[in-house]
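First the structure, in the form of structure tokens, and then the observations on it.
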Amino acid sequence: MGNKMWGGRFASAADAIMAEINASIDFDKRLYRQDIAGSKAHAAMLADCGILTREEAEKIAAGLDQVEQEIAEDRFALSRDLEDIHMNVEARLAELIGPAAGKLHTARSRNDQVATDLRLYIRDALDALAAEITRLQTALARKAEAHAGDVMPGFTHLQTAQPVTFGHHLMAYVEMFARDRGRLMDARARLNDSPLGAAALAGTSFPIDRAATASALGFDRPMANSLDAVSARDFVMETLAAGTILAVHLSRLAEEIVLWCSAEFGFATLSDRFTTGSSIMPQKRNPDAAELVRAKVGRIAGAFHALTMVMKGLPLAYSKDMQEDKEPAFEALDALALMLPAMTGMIDDLQPNTERMREAAARGYSTATDLADWLVRALGMPFREAHHVTGRIVRLAEERGLALEAVPLAEMQAIEPRITADVFNVLSVENSVASRVSFGGTAPENVRAQASAWLQRLADEA
């Protein structure tokens, strides 16, 4: 008995293990909406070009509408014997409308069909992720605006460096996620060319209108080379590369939340909504949502690497290896679609402990740079000399167990006689952050302005 999908060339059915490794319906079933949209556009174009009759195209469209409804309502029995979503849809269409269904595949192949479906799916996923990034940025900017003047320690090497504000810290992530959104939208722009009509690899002899199907599906144009159209998966790789960077940024913010919520830092708390307890230690409140966001970056980076390994040695055009493009991509996109709203929820929920942060900022001689800057401004001292003098004063404070602003003026003057009482105006953490008025600096007025501008921009984009 010949194979029901490719007819007389094969005299017997595939081995069971061949059928098992070859089938993709278990994961590509999620492409059904995109597959049906592509088929409807293709049928309409075939009718416009006189390749199908108008009656046949209308019959196909009505049948496809019914198939879509059946799948959406979970009334469609998907068959692994039919391999993939394309053949499952076509087989059901034949049951519904008869021989006209067989004409749908005129002037196309499963090669350009799946390439089209996947571009449409990735495009939809990118739009959804971009919207979630906007929501996260909005949550961050709102929290930053509310805490624009609340002082916290800024770190380098995870050691106290200089005072910053909590709002300024959060706004750094608004900027990061803006670049992530830009990368995703760049990937979207590059993928928005249509493979449909490239057929198996060489195009078709039928007089089709590829620009019409591209327009009907929201693509900018048809792809210019039929070999490239069916074999390119760089649009998936680019999406996963951008998604990996996004996941890394989410992971960095998640790690900050884990640190802030620890007893050792005590900078912030999450409510019961985003924490869990311990089965044995009743005092525990674990930031599990943040930890899971931090962990999922491995899935996304792994998906990018996996697809890169699939594609690295493939000659043109299509090879069945490329069936392995979907599962990692779907898993990565699903993970990002979960991580983003989880992070947005945590940012909304996060309650900063402003007094604890201010106390931490005042420790570790975080205003030492302000002292050095004052020596330069007030005394005309070269910065390297000011750095040396400040280091001696810090060492004195450390030996005496004093905060920098608590070192007596006379003892500072023993190190540098020209120091005056005006120096104490720059040694508090509040004065330190207020002085950082350069563009992009941590001064509260800067943070409020940046947060307000971003909130307006995000509202306009939404």
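So here's what we get for this one:
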{"read-out": "Pairwise centroid distance, computed over Cα atoms, of the stretch 327-371 with the stretch 79-123, Å", "value": "46"}
{"read-out": "The stretch 16-106: C-alpha gyration tensor shape, a/c 1.5 cut-off, then a/b vs b/c", "value": "prolate"}
{"read-out": "Sites matching trypsin sites (Lys or Arg not before Pro) across the stretch 75-167 that sit in DSSP coil, with at most 14 neighbouring C-beta atoms within 10 Å", "value": "R75"}
{"read-out": "Gyration tensor verdict on the stretch 267-405 (Cα atoms; rounded if a/c is under 1.5, prolate if a/b is larger than b/c, oblate otherwise)", "value": "oblate"}
{"read-out": "Nearest-10 value in Å² for the accessible area of T138, using the 1.4 Å probe", "value": "30"}
{"read-out": "Share of carbon and sulfur in the accessible heavy-atom surface of the stretch 1-130 [1.4 Å probe, %]", "value": "52"}
{"read-out": "Whole-number Å³ per residue for the convex hull built on Cα positions in the stretch 341-462", "value": "139"}
{"read-out": "Folded to 0 to 90 degrees: helix 110-146 orientation relative to the chain principal axis, Cα", "value": "20"}
{"read-out": "Cross-link table K40/K326; K103/K312; K296/K320, entries beyond 25 Å C-alpha to C-alpha", "value": "K103/K312; K296/K320"}
{"read-out": "Highest average packing first - 257-264, 323-330, 168-175, Cβ atoms within 10 Å", "value": "168-175, 323-330, 257-264"}
{"read-out": "Candidate residues D234, D288, D117: accessible-area rank, largest first, probe 1.4 Å", "value": "D234, D288, D117"}
{"read-out": "Cβ-based charge dipole, the chain, positive-most Cα from A37, Q283, P408", "value": "P408"}
{"read-out": "Principal-axis tilt of helix 54-72 within the chain, Cα atoms, nearest 10 degrees", "value": "50"}
{"read-out": "Probe 1.4 Å - accessible area at Y365, Å² to nearest ten", "value": "50"}
{"read-out": "All-pairs Cα distance distribution in the chain, expressed in whole percent, bin size 20 Å", "value": "20, 38, 25, 13, 3, 0"}
{"read-out": "Sites matching trypsin sites (Lys or Arg not before Pro) across the stretch 221-285 that sit in DSSP coil, with at most 12 neighbouring C-beta atoms within 10 Å", "value": "K284"}
{"read-out": "For the stretch 424-462 versus the stretch 149-217, the gap between their alpha-carbon centres in whole angstrom", "value": "26"}
{"read-out": "Accessible area, probe 1.4 Å, largest first, for residues F206, F439, F265", "value": "F439, F206, F265"}
{"read-out": "Around D370: net Lys/Arg minus Asp/Glu count, Cβ-Cβ under 12 Å", "value": "-1"}
{"read-out": "On Cα atoms only, tilt of 444-461 relative to the major axis of the chain in degrees", "value": "10"}
{"read-out": "Bridge type composition, the chain - antiparallel percent by DSSP, nearest 5", "value": "85"}
{"read-out": "Protein-only accessible surface order, largest first, of R392, R400 at 1.4 Å", "value": "R400, R392"}
{"read-out": "DSSP-assigned coil residues among GluC sites (Glu not before Pro) in the stretch 21-80, each with at most 10 further Cβ atoms within 10 Å", "value": "E73"}
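The values are calculated or read from the model by the stated rules, or taken from the named source; none is laboratory data. The shown structure was predicted, so the numbers you read here are calculated from the model rather than taken from an experiment. A quick note on method: Cβ atoms are made from the backbone with ideal geometry, for glycine too, and the neighbour counts reach across all protein chains shown. Areas reflect the complete protein model, heavy atoms only, side chains present, ligands, DNA and RNA absent. Shrake-Rupley method; radii C 1.70, N 1.55, O 1.52, S 1.80 Å.
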